[in-house]
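The values are calculated or read from the model by the stated rules, or taken from the named source; none is laboratory data. No experiment lies behind these values; they were computed from the predicted model shown. No Cβ is skipped: glycine too gets one built from the backbone with ideal geometry, and neighbour counts run over all protein chains shown.
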Amino acid sequence: MRRGDSRSAFNFAFPVLPGERSLLWVMGALALFLLIWQAVGGRETFGLGKPLTLSEQRSLEVQYRSLPEHRLNLNRAGWGELKRLPGLGAAAAQRILEFRQAKGRFTSVDELAGLLDLSAPELRQIRRWVWVEE
C-alpha cells in the first residue's frame with residue numbers, strides 16, 4: 001500500500017508468520033471475551049459491582065477491626081469479647097452473661113437461637129465465631 005491510499009491501513013491478505021498467528025489468535029480471543037463481557041453486563045453481572053468509595057472502604061475497615069480476633073468459647077468469653085460478635089451488641093452480650101450466671105454454662109451453640117431469638121441465617125453467621133467447650 002502506498003501512503004495516502006484510501007483503503008484500510010492493514011492488509012489482511014499479507015502473509016502471516018507462525019509467531020504472528022498465535023498473537024492474532026490471542027488478540028481475537030481477547031476481543032471476543034471483551035464483547036461477551038460487555039454484552040452480559042460486565043462487572044455487575046459477576047457481582048463485582050462498582051468500585052467502593054472512600055467512605056465505604058473506611059466503613060469496611062471499621063467493621064473488620066471490630067470482629068473478634070479468634071473464635072470465642074461461649075462459656076468463657078467476657079462481655080467485651082461477646083459484644084464484638086457480628087450481628088450482636090452490648091445487650092445480647094449481657095443476656096449471654098446472665099444466661100451463664102443462671103444456668104451455669106452453654107451445652108451447645110444452638111442455645112443462642114432461643115436465648116437471643118435468632119433466625120437460622122443469623123445463627124449460621126454467629127456459629128462461625130463461637131464454640132462451646134464440651
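At a glance:
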{"read-out": "Count of segment 39-55 residues which are assigned to a helix (DSSP H, G or I) and at pLDDT below 75", "value": "4"}
{"read-out": "Residue satisfying all of: in segment 111-134; closer than 16 Å to Gly89 by Cβ and over 21 Å from the mean Cα position of the chain (by Cα); surrounded by the fewest Cβ atoms within 10 Å (Cβ to Cβ) among these", "value": "Asp117"}
{"read-out": "Residue check, Glu81 without any contact (Cβ under 8 Å) to a residue 24 or more places away in the chain and in contact with a Pro (Cβ under 9 Å, 6 or more places away or on another chain)", "value": "yes"}
